[in-house]
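Working notes for the structure below.
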Amino acid sequence: MSENAARIRAVLKDHARLNRDAETLDDDSDLYQAGMTSHASVNVMLALEGEFDIEFPDHMLKRSVFESVGAIAAAIGELTEGR
Amino acid sequence: MTTLSAIKTGPLLARTAAIATDVAACHAADVDAKSRFPQETFDALRQARLLSAAVPATHGGAGAGMLELGTQCAALAQGCGSSGMVLAMHHIQVACIARHAQGSAFFERYLRENLVERQELVASITSENGTFGDTRSSVCAVAIDGDRMSLEKDATTVSYGQHADAQLVTCRRTADAAASDQVLVLFEKGNYTLAQTGNWDTLGMRGTCSPGAKFSGHGTTAQILPGSFADSSAQTMVPYSHILWSALWSGIAADALGRAAAFVRAGARKNPGSVPPNAVQLARAQVELQAMRHNWESCAIAFDEMTAEDDQAAREALGTMGWALKMNQLKMACSEMAPKLCHEALQIIGIMGYKNDSPFSVGRHYRDVLSAALMVSNGRIAAKSASMLLVFKDD
């Protein structure tokens, strides 16, 4: 889980266009309040799909799933469970 | 949920259609020529207590759903496009307040006393110099000092701002908030100034009176709508805007084609026994008008079904990419179809449609709907859809 969190932070650093360093974010920090726009969030989704070799189903393509490192990690955990 | 047949025979539509015919249509040419607010229409709507159609019944309003509001806006736009647009925008603001007030005493009182009892009109200020048309980002921020707050905003367009009783304004939540971390703040007349910074001399939608303005307002923190604009935008402002606008554009196109149909009938009466060539053109145009109507109606029905149980799951569903794409596609389809249909009406009618002083004139209709692809630029919407489709699977 913590390894995933580090990979998620690296994706956020490259694509979320946050107004602060992704490394300093808590797991439950609100990414939208940290400056991630809905446009940037699409790039984050794409990069996460590439990084973790997953596809987010449409029901996961909503704001709350990508609102924090913890929420993203939970979604990825669900998609990679049993691998 | 109210069915379409119940809406079509209901009092809201009947009373609005009467005002569209007896008031709005009579003044539409003058409103357009002088680029003035359709005051007569709104006096009549206020008197008939139709301005609170979108206020929930629990707060004393008619509690009309999206399908009924769309039908109402389309009916009014058949008489006067600018009137239909102002009514739609008012409903959008009212819906944001009604659906996101979350038990706030200030907003509940506002709904009941100002919107229902006094039938007040609400404008919004979402545009701003420096955001380049992106309503989901703000430069200005609300300044909070204890329970007092103030806000200044340099807006590029404020529709009917000078004619409204209140302004619902987007801004950043705090001075150090990100550009997209926004809230909506309501300012009532007497607590703000609007200094006009430009003119509103446009091709169409001239009665919406939407020049730029510098806004300066103050009040208490109770006037800040609870929650975030990210949610009220996705769950309310965007669906209400795109569905009600599409509805009123279809109303304008229907009136243009209605004039074309009257022209074709008049010609046919002179020569019974043969179908005139322009009747075939009309038949083809009606295919597109029906598709356009069904497009917005089906989105409105979907919205009313989704919000019948207005719980967290319903709100989340309105925040999904699938719904956002559906709204974008509706807006692009109807905003592009309306000018095409006005163009078709003009081809069917010919010179009598081109003349401004003819009963078959469709010039105002055509000019009004040319705004459709620009108010929230279709280029911007297509780019957003394109981006979403990179991750959306339609599974």
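Restricting attention to segment B:272-310, which residues are of a type in the set (S, T, N, Q) and under 22 Å from the mean Cα position of the chain (by Cα)?
B:GLN290, B:ASN295, B:SER298, B:THR307
Taking the options B:ALA386, B:ALA338, name whichever one is in contact with a His (Cβ under 9 Å, 6 or more places away or on another chain) and either modelled with pLDDT of 95 or more or charged (D, E, K, R) (or both).
Going through B:ALA386, B:ALA338 in turn, the sole match is B:ALA338.
Does segment B:292-308 contain any residue that is in contact with a strand residue (DSSP E or B) (Cβ under 8 Å, 6 or more places away or on another chain) and either among the polar types (S, T, N, Q) or away from chain A (no Cβ under 14 Å) (or both)?
No, that holds for no residue.
Name the residues in segment B:19-34 that are over 20 Å from the mean Cα position of the chain (by Cα) and either farther than 16 Å from B:ARG206 by Cβ or hydroxyl-bearing (Ser, Thr, Tyr) (or both), would you?
B:ASP22, B:CYS26
List the helices (runs of 4 or more DSSP H) inside segment B:1-111, counting only whole elements, that have at least 3 residues being touching a residue at least 40 places away in the same chain (Cβ under 8 Å) and touching a helix residue (DSSP H, G or I) at 6+ places or on another chain (Cβ under 6 Å).
So the answer is B:11-19, B:25-34, B:66-79, B:81-100.
Just name the residue that is surrounded by the most Cβ atoms within 10 Å (Cβ to Cβ) out of those in segment B:148-189 that are more than 15 Å from B:SER127 (Cα to Cα) and aliphatic (A, V, I, L, M).
B:LEU186
Which one is modelled with the highest pLDDT, of the residues in segment A:22-38 that are surrounded by fewer than 16 Cβ atoms within 10 Å (Cβ to Cβ) and more than 11 Å from A:GLU67 (Cα to Cα)?
That would be A:ASP26.
Please enumerate the residues belonging to segment A:48-64 that are more than 10 Å from chain B (Cβ to nearest Cβ), part of a helix (DSSP H, G or I) and in contact with a helix residue (DSSP H, G or I) (Cβ under 6 Å, 6 or more places away or on another chain).
A:GLU51, A:PHE52
Which one is farthest from the other protein chains (Cβ to nearest Cβ) among residues in segment B:353-395 that are under 30 Å from A:LEU61 (Cα atoms) and hydroxyl-bearing (Ser, Thr, Tyr)?
By that ranking, first place goes to B:SER377.
Has segment B:334-342 got any residue that is farther than 27 Å from B:ALA373 by Cβ and more than 14 Å from chain A (Cβ to nearest Cβ)?
no
Is segment B:122-129 home to any residue that is out of contact with any strand residue (DSSP E or B) (no Cβ under 7 Å at 6 or more places or on another chain), surrounded by 24 or more Cβ atoms within 10 Å (Cβ to Cβ) and either among the small types (Gly, Ala, Ser) or in the same structural domain as B:ALA74 (by TED's automatic domain parsing) (or both)?
No: segment B:122-129 contains no residue that is out of contact with any strand residue (DSSP E or B) (no Cβ under 7 Å at 6 or more places or on another chain), surrounded by 24 or more Cβ atoms within 10 Å (Cβ to Cβ) and either among the small types (Gly, Ala, Ser) or in the same structural domain as B:ALA74 (by TED's automatic domain parsing) (or both).
Do you know which residues across segment A:1-34 are of a type in the set (D, E, K, R) and not in a loop (DSSP other than H, G, I, E, B)?
Result: A:GLU3, A:ARG7, A:ARG9, A:LYS13, A:ASP14, A:GLU23.
Just need a number here: residues in segment A:30-42 that are at the interface with chain B (Cβ under 8 Å from one of its Cβ atoms) and under 12 Å from B:SER387 (Cβ atoms).
4
Would you mind telling me which numbered condition in (1) crowded, with 16+ Cβ neighbours inside 10 Å; (2) at the interface with chain B (Cβ under 10 Å from one of its Cβ atoms); (3) farther than 22 Å from B:ALA324 by Cβ A:ASN19 fails?
Among (1) crowded, with 16+ Cβ neighbours inside 10 Å; (2) at the interface with chain B (Cβ under 10 Å from one of its Cβ atoms); (3) farther than 22 Å from B:ALA324 by Cβ, A:ASN19 violates only (1).
Any idea which residue in segment B:1-51 is modelled with the lowest pLDDT, counting only those that are closer than 25 Å to B:PHE303 by Cα and among the β-branched types (Val, Ile, Thr)?
B:THR2
Does segment B:295-310 contain any residue that is surrounded by fewer than 17 Cβ atoms within 10 Å (Cβ to Cβ), touching a helix residue (DSSP H, G or I) at 6+ places or on another chain (Cβ under 9 Å) and more than 28 Å from B:LYS384 (Cα to Cα)?
yes
Just to verify a result, which residue in segment A:65-83, among those that are within 11 Å of chain B (Cβ to nearest Cβ) and assigned to a helix (DSSP H, G or I), is surrounded by the most Cβ atoms within 10 Å (Cβ to Cβ)?
Per the stated criteria, the residue is A:PHE66.
Within segment B:299-316, is even one residue touching a residue at least 12 places away in the same chain (Cβ under 8 Å) and within 21 Å of B:ALA20 (Cβ to Cβ)?
yes
Taking B:ARG269, is it assigned to a helix (DSSP H, G or I) and over 19 Å from the mean Cα position of the chain (by Cα)?
So B:ARG269 fits the description; yes.
Which condition from (1) crowded, with 18+ Cβ neighbours inside 10 Å; (2) without any contact (Cβ under 8 Å) to a residue 40 or more places away in the chain; (3) closer than 30 Å to B:ARG99 by Cα; (4) not acidic (Asp, Glu) is the one that B:MET388 breaks?
Of the numbered conditions (1) crowded, with 18+ Cβ neighbours inside 10 Å; (2) without any contact (Cβ under 8 Å) to a residue 40 or more places away in the chain; (3) closer than 30 Å to B:ARG99 by Cα; (4) not acidic (Asp, Glu), the odd one out for B:MET388 is (2).
The values are calculated or read from the model by the stated rules, or taken from the named source; none is laboratory data. Small disclaimer: the values here were computed from a predicted structure and weren't measured. Methodologically, a virtual Cβ is constructed for each residue, glycine included, from the backbone with ideal geometry; neighbour enumeration extends over all protein chains shown.
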